[in-house]
Amino acid sequence: MKLFQLVPQIHRFNDVGEFNGFFNIGADDLVLTHEFFYDAFMRPLNLSATFLFQEKYGTSEPSNVMIDQIFADLKDVHYERVFAIGGGTVIDIAKLLVLKGSHCVLDLFERKVPLVKEKQLIIVPTTCGTGSEVTNLSIVEIKEKQTKMGLGAEELNADYAVLIPELVKGLPYKFFVYSSVDSLIHAIESYVSPRANCYTELFSIKAIEMIIKGYMEILEKGQEHRLQIIEDFLTASNYAGVAFGNAGVGAVHALSYPLGGKYHVPHGEANCEFFTEVFKTYNRLNPDGKIKSVNALIAEMLGLESTENVYNELDNLLNKLLPKKPLREYGMKEDEIARFTEAVINTQQRLLGNNYVPLSREEIYGIYNRLY
């Protein structure tokens with residue numbers, strides 16, 4: 001039974017200059033990033049690589065339409081290595097650019113064509129949430145299906161995962177919160193996953209401790225304090241990525257995908273909507289299983305005397321950082337509660353298989369209904 005795998009070499013550099021000194025970015029390289037990162041950090045280095053700016057193809061999260069256009073534009077471009085310097089969107093796209101051939105994205109995600117890796121992949125995350133630099137997953141909105149789908153394959157693993165704290169310091173507060181809560185969700189969902197084991201639990205627990213401790217410091221010392229401890233959040237995101245890359249995530253992610261796909265709610269924000277409600281449901285259905293230990297850990301971190309209201313108290317903490325909205329405020333209609341429920345059941349079985357406990361159609365409908 002396979003327990004644990006970590007494919008990429010993990011590196012840390014103080015700045016982009018030091019990073020380039022190690023990797024020697026040159027004419028045979030493709031760099032997928034954002035123009036503002038290029039202007040601030042890479043233009044001064046006079047690099048001869050091919051640069052591709054994600055925002056040229058749209059400012060939303062990755063879709064099959066967006067990536068199909070990128071495939072078309074790169075058809076005659078020669079490159080040996082792909083550098084992904086950005087958040088989850090850049091990373092999810094870059095993982096597909098290492099594959100042989102310019103296939104239709106939907107065919108890739110429906111496994112209608114073989115996946116053959118022919119380029120080296122170096123990932124540099126610029127948020128403290130994705131963790132995707134150490135996973136073999138790419139998540140893409142499939143326009144025809146009005147939801148997101150995940151493709152998981154060994155061919156999507158990076159060769160190098162690189163942490164550069166200076167790239168995360170410019171992250172606006174709102175995006176810092178949503179991305180870091182996404183990390184917390186990765187850590188907690190993977191901890192209670194049926195695929196978790198003693199190795200993944202080490203990474204999950206450490207990530208949970210670092211993130212909640214950091215939040216409490218920020219609430220005590222103010223929003224700008226995050227800049228003093230940003231490397232802790234970047235490291236915690238990486239730990240959580242290692243955990244969920246091996247153990248998987250579940251219903252929080254599964255239920256968020258129709259909301260993100262239909263109403264273009266950013267991934268981290270959509271996950272924040274469902275986080276505590278899913279775990280309240282898990283806790284109600286099976287309070288004496290593995291969730292009991294994660295409840296105790298969170299209660300201890302929050303200074304609670306018991307675990308009775310642990311998810312209400314966690315909700316309070318997160319709402320002090322950034323208040324959560326009802327789903328209707330994103331434009332969701334009441335009759336979509338049933339449609340979203342069916343979409344989750346029909347398209348997200350890959351994730352639902354990682355649930356702490358199975359969720360019936362009625363339970364999934366109830367979560368949407370309570371959050372509506």
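The values are calculated or read from the model by the stated rules, or taken from the named source; none is laboratory data. Nothing here was measured: the structure is a model prediction, and the numbers come from that model. In this analysis, Cβ positions are derived from the backbone assuming ideal geometry, glycine residues included, and neighbour counts consider all displayed protein chains.
The number of residues in segment 134-155 being assigned to a loop (DSSP other than H, G, I, E, B) and either buried (at least 21 other Cβ atoms within 10 Å of the Cβ) or modelled with pLDDT of 90 or more (or both) comes to 3. What number of residues in segment 145-180 are of a type outside the set (Phe, Trp, Tyr), in contact (Cβ under 8 Å) with a residue 60 or more places away in the chain and closer than 26 Å to Arg339 by Cβ? Total satisfying the criteria: 7. For segment 266-285, state whether one or more residues are at pLDDT 95 or above, in a loop (DSSP other than H, G, I, E, B) and surrounded by 15 or more Cβ atoms within 10 Å (Cβ to Cβ). Checking segment 266-285: not a single residue is at pLDDT 95 or above, in a loop (DSSP other than H, G, I, E, B) and surrounded by 15 or more Cβ atoms within 10 Å (Cβ to Cβ). Scanning for something in a loop (DSSP other than H, G, I, E, B), closer than 16 Å to Gly331 by Cα and among the hydrophobic types (A, V, I, L, M, F, W, C), does segment 236-254 turn up at least one residue? No. Could you tell me which of the residues Ala187, Ala158, Ala196 is in the same structural domain as Val265 (by TED's automatic domain parsing) and part of a loop (DSSP other than H, G, I, E, B)? Sole residue among the options that is in the same structural domain as Val265 (by TED's automatic domain parsing) and part of a loop (DSSP other than H, G, I, E, B): Ala196.
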